[in-house]
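Working notes, beginning with the structure itself.
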Number of protein chains: 2
Amino acid sequence: MTTPASTPSQASGASVHSLPRTLTRDLAAHDGQTVRLQGFVHARRDLGGVQFVVLRDVSGLTQCVGSGLHLPLAESSVEVVGTVKAHPKAPGGFEVQVKDFRVISAAVEAPPVEIPKMEWNVNPETMLDYRVVTVRGLKERAALRVQAELVAGFRDHLITEGFTEISTPKIVSAGAEGGANLFPIDYFGHPAFLAQSPQLYKQIMVGVFERVFEVAAVYRAEEHATSRHLNEYLSLDVEMGFITDEEDVMALQNRVLVAIMARLKERAQAEFTLLGATIPEVPAHIPRIPLLDARALVTEKYGHQVGGKDLDPEAERLLSQHYAETEGSDFVFVTKYPRAARPFYAHPDANPDGTQSSEITRGYDLLFRGIEITSGGQRIHDYGMLMDSIAAYKLNPTSLEGYTEVFKYGMPPHGGFAIGAERLTAKLLGISNVRYARAFPRDRHRLTP
Amino acid sequence: MTTPASTPSQASGASVHSLPRTLTRDLAAHDGQTVRLQGFVHARRDLGGVQFVVLRDVSGLTQCVGSGLHLPLAESSVEVVGTVKAHPKAPGGFEVQVKDFRVISAAVEAPPVEIPKMEWNVNPETMLDYRVVTVRGLKERAALRVQAELVAGFRDHLITEGFTEISTPKIVSAGAEGGANLFPIDYFGHPAFLAQSPQLYKQIMVGVFERVFEVAAVYRAEEHATSRHLNEYLSLDVEMGFITDEEDVMALQNRVLVAIMARLKERAQAEFTLLGATIPEVPAHIPRIPLLDARALVTEKYGHQVGGKDLDPEAERLLSQHYAETEGSDFVFVTKYPRAARPFYAHPDANPDGTQSSEITRGYDLLFRGIEITSGGQRIHDYGMLMDSIAAYKLNPTSLEGYTEVFKYGMPPHGGFAIGAERLTAKLLGISNVRYARAFPRDRHRLTP
């Protein structure tokens, strides 16, 4: 077996191969010129005397037309040297008339799914079974590209505000939120778990850098399979010290969202267009409503009785609908969560007389187009208050010593939030199942590919 | 319990508290003015009539001097309002004469270690046991700050070269390199493992985005404890399609390193100065030497007999010494690794007659100041060649089907590399043990904090 593919100069036409590679998105700048393209055989048609190949590279599609070409199987990597001609009906408005066609790496089997014909939600399990190749689909690719830009927008904005990136352990000895929903690990014979959240660690790091963020996978061993949950997902985590209260956190998140959407408009408009989705406008001041008022609103306006202590999915949908209709906002902060719906480390709110509320916290959720995409809030920083809260929650302070230790050492007032990258991506793009917003999702029944 | 700390306007002197916060690094711009500082009590001294507080914020240290102050324990968070005065002996050249001193959050215990007196390698296990507070040390903080800038330099450069960031699963059904050194997970009753590397996944994603990178933790269940290994570390992974051979990969890595060091010079010079370390110059063309020649060189020049098939740590040190002395380079690529020292997916080199070498691969290592910081190379993209290699390595093709599947579908020639972020950070900064280059390291015996 030889590898001519990796040494283009061995192929015929060495002179044209010294051309730099042109990306398909740049063809308009080369109208009438000879270019060298590389990519995958997205689609192919042989009409006998003439052959059509739609070449797919990272930037788009180009129709190439030639004669006497021996077309390889779809998804083969190929190189095309040819002349660019304006062609209104071709994707992108140009086609390439082939002078030289070379197979770089031939597919040895036809793909199990026709990549150009894939649609969301067609045989989802089959699509995921063959994800190593179906992930090449234009829509699949667009979703992951949007996610990359979203993450970059998140990170770059925080860096401009003086935040430091951290990397915290995902192998932990206990869960931040108690023992439920943890994946057990055998750590050299000792029991350990996959981290559900960097919660404690990002708080510790406020003592070091004051403002920190992390972009990393977290793990939830939730048994139920829904369209909005993943067992492994990318969490965009923030924690900020020396705050006044949760308003500082919400204001930061508001700015972060503005920055993310600005980056998407600049760098991912084509992907939104392909997916028929719209990049939302983020208000300079996202509306806020206390949770209890939100529950009352959906009952009074829409007749929906909300169960539990939180909002149920239907209430989230209706509340978003209300703010879209009345304020034109795709976003709404639901504030002042009750302690009953928040973990022990949520900072109590102040009563009107300045005393500490025993019922209400400074925790909030952010809803976007009908779904919760963030939980955030101020955390307890005072050691005594934390111990009181642990007692009030009837938790065992000894088992939480790994959490409480750092609060002996002068932690400043702080708060933060976390965004699930896949959930936000899916909601932005109108993808019905969050699994398609992750390259290789893990769910209750899926460990491969 | 109340929380005045989080509402500064409740404190005395509301008018001065409306001052914006000043960071200690910006004091020079406020000489003679009144400023508001926030931070931690790094050090404190009470001389009776006069009190000194060294305040530590994210940007540095400031000596504050006042009288009648009730000093809280070290590490308490405090706010100081005072007048900036030039003071040549004070850290940073300025001190602040305190007008108003407020404890934001009092430490309830003295730190178990005196943070200002900490030194690397003093009782390392104790330092790590108390990491939740020892990580606030100036040197510890500087190391993690350098790592954040290093990672940002890596990422930002790749984005300018058209790379797309990916997020791949860390819960996997099998190891990319066989079954050794894997941490087992109980995944809903099914056996699974923590990923050693995103190797396969980044290769798959070359079929989607052509050029990809990932910054994520990987896991090695290596039993041995050394100063250069971590069981959980941050891997900076790259994979690049449509290459000619491994020279394209090395040239990319060279450019990435140039960009990283440029960013460190721009944004982390103070941290290097604090740690007495020098940011290396990266040659525009890092020297290269084939492995067999490198082994011969260290034997001939230094009399060191190299065991095994690779370089041993002493040989890495000597080879780096040679290139530092002869070419003034802190970096050297060791190329053309034998198959015996590389996994089955390493692309064979070509013999001089163009046939495929059965002995030599297109794999390389990068040495930096005496230690390997990268493995990289071209990977096999041809399905037939891959199956031949699996047979030659006497591996079971059925157990590798999860790996080989994607190579049926026209994968282009590709290659990549991975840098261990902590190892590079430690070597850059002269930190003797890689554990100090991670916020919360995991080793053979350490699962907490």
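The values are calculated or read from the model by the stated rules, or taken from the named source; none is laboratory data. The structure presented is a predicted model; accordingly, all values stated were derived computationally and were not measured. Cβ placement follows ideal geometry from the backbone for every residue including glycine, while neighbour counts extend to all protein chains displayed. Just so you know, the surface numbers come from the protein's heavy atoms only, side chains and all, with ligands and any DNA or RNA stripped out. Shrake-Rupley method; radii C 1.70, N 1.55, O 1.52, S 1.80 Å.
Computed quantities for the displayed model
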{"quantity": "Hey, A:Glu125 surrounded by fewer than 21 Cβ atoms within 10 Å (Cβ to Cβ) and not in a loop (DSSP other than H, G, I, E, B) or not", "calculated": "yes"}
{"quantity": "All positions within region B:296-310 that are closer than 14 Å to B:Gly363 by Cβ and surrounded by 15 or more Cβ atoms within 10 Å (Cβ to Cβ)", "calculated": "B:Asp310"}
{"quantity": "Residue in region A:61-74 that is nearest to the other protein chains (Cβ to nearest Cβ), counting only those that are closer than 26 Å to A:Ala268 by Cα and either touching a residue at least 40 places away in the same chain (Cβ under 8 Å) or open to solvent by 30 Å² or more (accessible area, probe 1.4 Å) (or both)", "calculated": "A:Leu61"}
{"quantity": "Region A:427-449 residues that are over 13 Å from A:Leu128 (Cβ atoms) and among the basic types (Lys, Arg), paired with ones that are open to solvent by 30 Å² or more (accessible area, probe 1.4 Å) and assigned to a loop (DSSP other than H, G, I, E, B) (beta carbon under 8 Å, 6 or more apart)", "calculated": "A:Lys427/A:Arg369"}
{"quantity": "Index of the failed condition, A:Arg423 passing every other in (1) within 12 Å of chain B (Cβ to nearest Cβ); (2) among the charged types (D, E, K, R); (3) touching a residue at least 24 places away in the same chain (Cβ under 8 Å)", "calculated": "(1)"}
{"quantity": "Inter-residue pairs, beta-carbon under 8 Å, first within 10 Å of chain A (Cβ to nearest Cβ) and more than 16 Å from B:Arg379 (Cα to Cα) and in region B:233-260, second part of a helix (DSSP H, G or I) and open to solvent by 30 Å² or more (accessible area, probe 1.4 Å), 6+ apart", "calculated": "B:Tyr233/B:Arg423"}
{"quantity": "Check on A:Leu311, at negative phi, part of a helix (DSSP H, G or I) and in contact with a Leu (Cβ under 8 Å, 6 or more places away or on another chain)", "calculated": "no"}
{"quantity": "Selection within region A:311-331 - surrounded by 13 or more Cβ atoms within 10 Å (Cβ to Cβ) and either among the hydrophobic types (A, V, I, L, M, F, W, C) or over 19 Å from A:Ile286 (Cβ atoms) (or both)", "calculated": "A:Leu311, A:Asp312, A:Glu314, A:Ala315, A:Leu318, A:Leu319, A:Ala324, A:Phe331"}
{"quantity": "Count - residues of region A:259-282 that are part of a helix (DSSP H, G or I), more than 15 Å from A:Arg155 (Cβ to Cβ) and among the β-branched types (Val, Ile, Thr)", "calculated": "1"}
{"quantity": "Region A:71-110, residues that are at pLDDT 95 or above and assigned to a loop (DSSP other than H, G, I, E, B)", "calculated": "A:Leu71, A:Pro72, A:Leu73, A:Ala74, A:Glu75, A:Ser76, A:Ala106, A:Ala107, A:Val108, A:Glu109, A:Ala110"}
{"quantity": "Count - residues of region A:399-416 that are in contact with a Ser or Thr (Cβ under 7 Å, 6 or more places away or on another chain) and buried (at least 24 other Cβ atoms within 10 Å of the Cβ)", "calculated": "3"}
{"quantity": "Residue within region B:206-226 that is under 27 Å from A:Glu75 (Cα atoms), in contact with a His (Cβ under 9 Å, 6 or more places away or on another chain) and hydrophobic (A, V, I, L, M, F, W, C) present", "calculated": "yes"}
{"quantity": "Total residues in region B:113-122, condition crowded, with 16+ Cβ neighbours inside 10 Å and outside any helix (DSSP H, G or I)", "calculated": "3"}
{"quantity": "Every residue from region A:150-173 that is more than 9 Å from every other protein chain (Cβ to nearest Cβ) and either open to solvent by 30 Å² or more (accessible area, probe 1.4 Å) or closer than 17 Å to B:Phe209 by Cα (or both)", "calculated": "A:Leu150, A:His157, A:Thr160, A:Glu161"}
{"quantity": "Where A:Phe209 falls short, out of the listed (1) facing chain B (nearest Cβ under 7 Å); (2) out of contact with any strand residue (DSSP E or B) (no Cβ under 7 Å at 6 or more places or on another chain)", "calculated": "(2)"}
{"quantity": "Hey, A:Leu395 within 30 Å of A:Thr244 (Cα to Cα), modelled with pLDDT under 95 and out of contact with any helix residue (DSSP H, G or I) (no Cβ under 8 Å at 6 or more places or on another chain) or not", "calculated": "yes"}
{"quantity": "Selected residue (criterion: nearest to the chain's Cα centre (by Cα)) from residues of region A:183-196 that are open to solvent by 20 Å² or more (accessible area, probe 1.4 Å) and more than 7 Å from chain B (Cβ to nearest Cβ)", "calculated": "A:Phe193"}
{"quantity": "The lone exception for A:Ala341 - which of (1) within 14 Å of chain B (Cβ to nearest Cβ); (2) closer than 25 Å to A:Val406 by Cα; (3) surrounded by fewer than 20 Cβ atoms within 10 Å (Cβ to Cβ); (4) not acidic (Asp, Glu) it fails", "calculated": "(1)"}
{"quantity": "Unique residue being in the same structural domain as B:His347 (by TED's automatic domain parsing), of a type in the set (D, E, K, R) and under 24 Å from the mean Cα position of the chain (by Cα) when the list is B:Lys427, B:Lys408", "calculated": "B:Lys427"}
{"quantity": "A:Tyr201 vs. criteria without any contact (Cβ under 8 Å) to a residue 40 or more places away in the chain and either at the interface with another protein chain (Cβ under 7 Å from one of its Cβ atoms) or open to solvent by less than 20 Å² (accessible area, probe 1.4 Å) (or both)", "calculated": "yes"}
{"quantity": "Of all residues in region B:190-248 being in a loop (DSSP other than H, G, I, E, B) and β-branched (Val, Ile, Thr), the one that is nearest to A:Val151 (Cα to Cα)", "calculated": "B:Ile243"}
{"quantity": "So A:Ala221, is it within 30 Å of B:Thr160 (Cα to Cα), open to solvent by 10 Å² or more (accessible area, probe 1.4 Å) and in the same structural domain as A:Leu264 (by TED's automatic domain parsing)", "calculated": "no"}
{"quantity": "Qualifying positions in region A:231-252 - open to solvent by less than 20 Å² (accessible area, probe 1.4 Å), in contact with a helix residue (DSSP H, G or I) (Cβ under 9 Å, 6 or more places away or on another chain) and of a type in the set (S, T, N, Q)", "calculated": "A:Ser235"}
{"quantity": "Any hit, region A:281-295, residues being open to solvent by 60 Å² or more (accessible area, probe 1.4 Å), at negative phi and in contact with a Leu (Cβ under 6 Å, 6 or more places away or on another chain)", "calculated": "no"}
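Here's the yes/no breakdown for (1) touching a residue at least 12 places away in the same chain (Cβ under 8 Å); (2) in contact with a helix residue (DSSP H, G or I) (Cβ under 7 Å, 6 or more places away or on another chain):
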position	(1), (2)
B:Gly162	yes, no
B:Ile166	yes, yes
B:Gly189	no, no
B:Ala195	yes, no
